[in-house]
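Please read the structure below before turning to the comments.
The values are calculated or read from the model by the stated rules, or taken from the named source; none is laboratory data. Given the structure is predicted, the values throughout are model-derived calculations rather than measurements. FYI the Cβ positions are ideal-geometry reconstructions off the backbone, even for glycines, and counts take in every protein chain you see. The area values use the complete protein model at the heavy-atom level, side chains included, leaving out ligands, DNA and RNA. Shrake-Rupley method; radii C 1.70, N 1.55, O 1.52, S 1.80 Å.
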Amino acid sequence: MATSLELIIMPLLYALGAILLVITVYVLLIGAPFIPTPQPVVEHMVKVAKLKKGMTVMDPGCGDARMLVTACKMHPEVRGIGYELFFIAYILAKIRTWKFRNRIKIWFRNSDHADLSEVDVMFCYMLYKPLGRNADKYKRELKKGAKIISYAFEIPGWQWDEKIPPVPEKNFAAIFIYKI
C-alpha cells in the first residue's frame, strides 16, 4: 500500500517528467539540439572575437555555457548573456556560471525574442533553420560593428566576412565570422 507521501510525490515526478519531455520535443522541433562545441574550438572562437573591455557577448543557444565561461575567463572585463531551452543544459549552465553570476546571465527561454541591442559579439553553434529564422532580426537589432561568430553553419543568405577553414583531422568544422 502506498503511503500518503508517495501519493503526493509520484504525481509530481510524473508531471515534471512530462513537462521536461514537452520542452525537449519543442527544442528539437525548433531546430536547436544540445550539442556541445569542442573546447579547443570555443577557445579559438573567443580568441578571434578580439574582445575588449566593456563588451557584451551572447550565446543564443548556450547549452552548458562553455562559450560564455571561456570568454569571461579569458577576458575578465566582458559580460555574457546566454539563452537555453533544453532544461538539463540550462541547469548545467547555471551551475557552471555560478562563479561568474555578476557577469553572466543565463535565461531559460527562447533567444528568438532576445534584445540584441547591447550585444557586441554573438557566438553561435546553431543549425540553418534557427539561423535563417533569425537572420533579419540579427541585421535589424545588432548594433553596427557587432560580430556573429558561427561554428559549423553559415547564416542562410548572408556572405561571411571571414571563414576559418575546418580541421578535418581534429573533426572541427569551419568557423564563419560576420560583421554587421
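Summing +1 for each Lys or Arg and -1 for each Asp or Glu among the other residues whose beta-carbon sits under 10 angstrom from that of M67 gives -2.
Between 0 and 90 degrees, the angle of helix 128-141 with respect to the longest Cα principal axis of the chain falls at about 60 degrees. Within the accessible area of the chain, the carbon and sulfur atoms contribute 63%, probe 1.4 Å, all protein chains present.
Helical runs (DSSP H, four residues minimum) scored at -39500 (n - 2.57) apiece and divided by the length of the chain put the mean residue ellipticity at 222 nm at -12500 deg cm²/dmol. The H on the amide N of V167, modeled in the peptide plane, is under 5 Å from the matching H of F172, A173, each at least 5 residues off or on a different chain. Please work out the FRET efficiency for the pair Q39 and N102, using the Cβ-Cβ distance as r and a Förster radius of 22 Å; give the result to the nearest 0.05. It comes to 0.40. For K170, a cut-off of 23 angstrom between C-alpha atoms picks up these lysines, skipping any fewer than 8 places away in its own chain: K47.
Take the chain with all the other protein chains still there, run a 1.4 Å probe, and you get 57 Å² of accessible area per residue.
When you filter the trypsin sites (Lys or Arg not before Pro) in segment 97-127 for DSSP loop state and at most 10 other Cβ atoms inside 10 Å of their Cβ, you are left with R101. Available extension along the chain between H113 and E141 is 9.0 nm, counting 0.36 nm per residue and deducting the alpha carbon span.
DSSP finds beta bridges in the chain, and of those with both partners inside it, around 40 percent are antiparallel.
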